[in-house]
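Here the structure is laid out as C-alpha cells; the discussion comes afterwards.
The values are calculated or read from the model by the stated rules, or taken from the named source; none is laboratory data. Only a predicted model underlies this, so the values are computations on that prediction, with no experimental measurement involved. Neighbour counts are summed over all protein chains in view; Cβ atoms, including those assigned to glycine, are modelled from backbone coordinates with ideal geometry.
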Amino acid sequence: MPLKTRVTELLKIEHPIVQGGMHHVGYASLAAAVSNAGGLGTVTALTQRSPELLRAEIRKCASLCPGKPFAVNFTLLPSLAPPDYGAYARVIVEERVPVVETAGRNPGEWIAYFKKHGVTVVHKCVAIKHALTAERLGADCISVDGFECAGHPGEDDVGALVLLAKAAERLRVPYIASGGDRQRAPAGGVPRAGRGRRQHGHAVHGHEGGTC
C-alpha cells in the first residue's frame, strides 16, 4: 500500500523511498529499477564524462521506466578545473527531468535556474545552517545527511538523529532522512519525526539491477 507524505506528493512517487546519488553507481539501470518499484531513482550527472553522455543516460533511464519520475544528482564540487555545469544543467532541463538533487557548494544559482524551468529541487546538506540557506534560496525539499552517511558527510561529525531532530524544529519545507539507518530501528521513526521519506544509497545496490 502506498504511503502518502508531503514528499511523495511533491515528487509524485508511490513510496517515500529515494535512491541517493552515488558517483559511478547512479546509472540508468539502477535509477529505473527504483523508480519502477515506486520510489525515486537517481542518475548521477558527473559520473558521465560529458553533458551529451548524460543526455544519453537520461534517455536510457526514461526508456527503462516509462511514465515514472526520476531525478538527476547535480553535485557542485570544489575544483581548479570545474566541469561545465551550465552544459550539464541545460541537458537536464532539455530532457525534462522532473527532479534535481543539488549538493556540494552554494546551490543558489542552480536552484534559481532549475526552478525557472519547472524542475523540483532537492538540496542535500549536512548542517542545519546549510539547510536553512537552501530553503531560503528556494529549494523545495532538503536531504539531511548525517555523519553516518557515505559520500561527503561534512566536517562537523553530527549524527543523523541529531540533525533530523533539529530539522523537524527548524525547516518549513519537507525533508529526507539520509544515512545512518542500517540498524533499521530508526526507520519506524521516520514518519513520527516529521520526515517526508528515507533516502538510501548502497542499500538499494545489493545486486545487479538494484531494487528498493
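Quick notes
- Scoring residue 58 on the criteria (1) within 18 Å of residue 20 (Cβ to Cβ); (2) hydrophobic (A, V, I, L, M, F, W, C); (3) at pLDDT below 95 leaves a single failure, condition (3).
- In segment 163-197, residue nearest to the chain's Cα centre (by Cα) [restricted to those that are among the β-branched types (Val, Ile, Thr) and modelled with pLDDT of 50 or more]: 176
- Checking every residue in segment 112-131 against the condition of being of a type in the set (Lys, Arg), closer than 23 Å to residue 40 by Cα and free of Cβ contacts under 8 Å to residues at least 40 places away in the same chain gives at least one match.
- Scanning segment 86-124 for residues being among the small types (Gly, Ala, Ser) and farther than 19 Å from residue 49 by Cα gives a total of 3.
- Residue under evaluation residue 124, criteria (1) under 14 Å from the mean Cα position of the chain (by Cα); (2) surrounded by fewer than 17 Cβ atoms within 10 Å (Cβ to Cβ); (3) of a type in the set (Lys, Arg), criterion not met: (2)
- Answer residue from segment 120-131, given it is assigned to a strand (DSSP E or B) and farther than 18 Å from residue 9 by Cβ and is modelled with the highest pLDDT among those: 123
- One residue stands out in segment 136-162 among those that are surrounded by 17 or more Cβ atoms within 10 Å (Cβ to Cβ) and at pLDDT 90 or above: the one that is farthest from the chain's Cα centre (by Cα), namely 137.
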